[in-house]
Amino acid sequence: MTTYKMALITGASSGIGEEFARQLADRGSDLVLVARSEDKLRALAKQLAELHSRRVETVTLDLCTPGAAGKLREALQALKLTPDLLVNNAGFGTAGAFWKQDAAREQQEIALNVGALVDITRAFLPSMVEARHGGVLNVASLAGFQPLPYMAVYAATKAFVLSFSQSLRAELRGTGVGVVCLCPGPVDTPFFEATGVPGMRKTVPRGTMVTAEAVVSAALRRLDAGGGVVLPGAAAKLMAAGSRLVPHALLAATTARFMRR
């Protein structure tokens with residue numbers, strides 16, 4: 001098991017991000033937690049610092065805003081901290097017919113899921129390469145493996161994260177920096193409620209929902225092993241395999257009928 005001295009986690013106030021904070025603190029890492037929810041961040045930081053005797057700092061920041069990565073880097077410089085593990089977890093999804101979505105909200109989704117992830121990775125990766133030690137863990141989704149009608153923008157952003165992570169991992173071979181792309185299927189977190197679509201959880205096929213704890217454990221095991229793509233749970237592995245075998249036009253049509261309900 002690799003212990004990272006300082007882990008920077010975005011979207012750390014709830015769900016998968018919060019679980020990363022808990023498991024990494026338990027592994028012995030100091031933490032920097034980033035999110036918009038200041039009260040939630042501070043409460044979590046206090047709890048983890050007391051429970052694990054680790055240094056836990058918080059940065060309250062809306063990563064959708066222009067220049068957010070630079071502001072985050074400045075905040076860590078002020079704290080005199082250099083992360084050797086970056087967990088790009090911040091993100092959200094919109095749901096419903098694309099042409100009915102709020103255009104500004106869709107642009108925020110792209111800015112956070114894609115733009116902020118790329119900018120933050122660019123800001124903190126060079127120091128890891130220089131030190132020949134580090135890790136980048138990008139949270140994508142099973143949705144990144146296929147078209148997803150009625151969540152078209154979300155799936156497209158996660159396809160970007162998957163491709164970017166795989167390319168980055170190949171570039172970083174031999175540098176001592178591992179790259180993991182976490183691609184979970186449905187996870188029991190507030191993600192569904194955050195879409196603003198009533199009954200979104202009901203679209204999840206029975207037996208495919210997994211816990212945040214299991215998802216994060218799988219991601220960290222993969223990071224320990226040197227990196228790669230992680231599909232937590234048998235259902236996610238099966239669906240990802242199916243997406244490679246079935247024509248995407250057929251997948252899109254079938255999924256559209258299901259998601260339209």
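The values are calculated or read from the model by the stated rules, or taken from the named source; none is laboratory data. Computed from a predicted model, the values in this text were never measured in an experiment. Neighbour counts are summed over all protein chains in view; Cβ atoms, including those assigned to glycine, are modelled from backbone coordinates with ideal geometry. Protein only, heavy atoms only, side chains kept; ligands, DNA and RNA dropped before computing areas. Shrake-Rupley method; radii C 1.70, N 1.55, O 1.52, S 1.80 Å.
Please work out the C-alpha center-to-center distance from the range 23-44 to the range 72-113 and express it in whole Å.
The distance from the Cα centre of the range 23-44 to that of the range 72-113 comes to 17 Å.
Can you tell me what percent of all Cα-Cα pairs in the range 15-80 are more than 16 Å apart?
46
Can you compute the radius of gyration and Dmax for the range 1-135, using only the Cα atoms, both in Å?
Over the range 1-135's Cα set, Rg and Dmax evaluate to 15.3, 50 Å.
Out of residues 5 or more away from Val210 or on other chains, whose amide H comes under 5 Å of its own, with H placed 1.01 Å from N in the peptide plane?
For Val210, the qualifying residues are Val187, Asp188.
Provide Phe92, Phe20 ordered by accessible surface of protein heavy atoms (probe 1.4 Å), highest first.
The ranking, largest first, comes out as Phe92, Phe20.
Take Leu79 and Arg36, extend 7 Å from each Cα along the Cα→Cβ direction, and tell me the distance between the two endpoints in nm.
Going from the Leu79 label point to the Arg36 one covers 2.0 nm.
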